[in-house]
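Report on one structure; see the data block that follows.
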């Protein structure tokens, strides 16, 4: 009997081909909503994430956990960056800044888990402080950006 992963491969390939055929007809008809990141850009981001995730399989223990957090953080930031490039609205730029702050915080916390006792507590507090500083910096730059954007409208 073949393992389930071998059986699923043809089905997955068929599903991908069918979705590509339908996606091609949807693209020819035109976009249904506001322009977003291109499909090829999102596929590039996803393939980079898959490659990073696969490279984590070689590691073991805490290094593997940190690698997975790093891969996911990079993926989330890359998605937010692609959205901000496609639609540079204030909301998307705010989401990008927030995502970068969260990614740094998650990675710092993952690295702190390797430490013991008081060193872990200090590391966690430092990570939280840097996260709060990054979030407040993003919040502070927003009103300044709004003032700069509104100058031309008066």
Within the range 40-63: backbone nitrogen closer than 13 Å to the residue 74 label point (7 Å, Cα to C-beta): 45-57
Gyration tensor verdict on the range 62-111 (Cα atoms; rounded if a/c is under 1.5, prolate if a/b is larger than b/c, oblate otherwise): oblate
Global geometry of the range 35-142, whether rounded, prolate or oblate, following the gyration tensor of its Cα atoms and the 1.5 cut on a/c: oblate
Extension reserve of the residue 54-residue 40 stretch, reckoned as 0.36 nm per residue once the Cα distance is removed: 3.0 nm
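Every number in this text was worked out from the coordinates using simple rules, so none of it is lab data. Since the model is a prediction, treat every value here as computed from it, not as a measurement. Backbone-built Cβ (ideal geometry, glycine too); neighbour counts: all protein chains shown.
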